[in-house]
Amino acid sequence: MNYQEFAAALCTSEGWPASQPNTDALVTVFAVEDSQATWNPEDTEEPEPGATNYNPQGVKDYPGLQTGEKGFHDTIHNGNYPQLVTLFKLGDSAERILSCTEWDTWAGSDITTLYGEVLKQVQADRAGYYSRHIAGSPETPTPPTPQPTPGPAPAEKRFDVKLRFLRHGDTGPDVQHLQQFLRIREADPNLSDDGHFGPATEQALRSFQRYHHLEDDGVFGPDVMEALWETTGPDKAPGTEQPRIEEAGKAQAADAAPIPSSESGTASPAPTEQAASGQGASDNTQASSDPTDGPSEEVQP
């Protein structure tokens with residue numbers, strides 16, 4: 001088994017898209033680790049059944065593919081890497097995945113700069129890096145495999161939310177994905193992805209809309225989706241030109257006129273300082289008492 005095949009196996013076992021950005025990101029991690037630990041090119045240390053020590057630092061040799069997948073799963077879901085899991089679920093940008101600072105915890109050092117340099121080498125020579133052998137797998141030559149389909153380019157296809165309107169009162173996986181996007185784009189870094197479109201989600205969405213000079217109606221549609229894909233990723237360094245969205249939203253909200261409420265038609269105040277203070281909230285406990293605006297509308301192509 002080679003690097004590309006093992007990366008695809010990890011994506012499949014996790015339920016992530018086996019996109020080229022995800023493959024490039026994982027192959028880059030394998031290449032930087034350059035490990036000979038069996039079925040463990042990412043050098044995880046989970047003590048799975050049948051595992052033995054590869055080195056004194058605790059990196060494991062795993063007895064087979066399924067155990068190697070389990071070691072990766074238990075590592076990335078140990079509570080230290082929530083943002084990485086979200087980025088792999090989206091699968092849209094290897095650069096964004098590898099610039100996430102949670103990799104420093106994974107590697108135990110400042111590793112993201114090195115990942116960025118090696119990623120360029122991987123992208124320039126995918127055939128060479130993809131075909132590298134996974135220690136422990138059979139040594140028989142692997143027939144050439146086609147490269148994965150490049151990650152979709154159009155924003156409406158890259159976003160893992162169906163092209164439909166979402167508003168206060170909606171629930172389900174589409175709302176959950178929207179909440180994940182709002183969180184990593186820093187509209188509310190603490191927003192819960194509970195799948196309930198309640199007051200906290202509406203407030204985060206309105207802040208995002210104001211920041212990007214969109215109508216702040218608290219409704220997700222094509223204009224918001226396009227803006228989500230044009231925003232800078234979650235790991236933009238402090239001190240650069242783009243402020244955090246929730247703080248910009250706070251500043252803009254100070255002079256904003258009252259926003260009509262979609263439920264009663266009466267004026268409701270602009271978003272409070274909750275988002276600006278970083279105190280995100282779950283919509284789950286409030287969704288049951290909030291009336292919905294009716295069924296979601298499909299966007300006409």
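The values are calculated or read from the model by the stated rules, or taken from the named source; none is laboratory data. Since the structure is predicted, the reported quantities are computational estimates derived from the model, not experimental observations. Quick reminder, even Gly has a Cβ in these numbers, built from the backbone with ideal geometry, and neighbours come from all protein chains shown.
General remarks:
- Tally, over the stretch 194-235, of residues that are among the aliphatic types (A, V, I, L, M) and at pLDDT below 85: 4
- Residue, surrounded by the fewest Cβ atoms within 10 Å (Cβ to Cβ), within the stretch 182-192, restricted to residues that are on the phi < 0 side of the Ramachandran plot and over 12 Å from the mean Cα position of the chain (by Cα): 190
- Unmet criterion (only one of (1) in a loop (DSSP other than H, G, I, E, B); (2) touching a residue at least 60 places away in the same chain (Cβ under 8 Å); (3) surrounded by fewer than 20 Cβ atoms within 10 Å (Cβ to Cβ); (4) among the charged types (D, E, K, R)) for residue 45: (2)
- Every residue from the stretch 105-119 that is in contact (Cβ under 8 Å) with a residue 60 or more places away in the chain and assigned to a loop (DSSP other than H, G, I, E, B): 111
- If you filter the stretch 120-154 down to residues that are within 18 Å of the chain's Cα centre (by Cα) and either part of a helix (DSSP H, G or I) or surrounded by 12 or more Cβ atoms within 10 Å (Cβ to Cβ) (or both), you find that the one that is modelled with the lowest pLDDT is 152.
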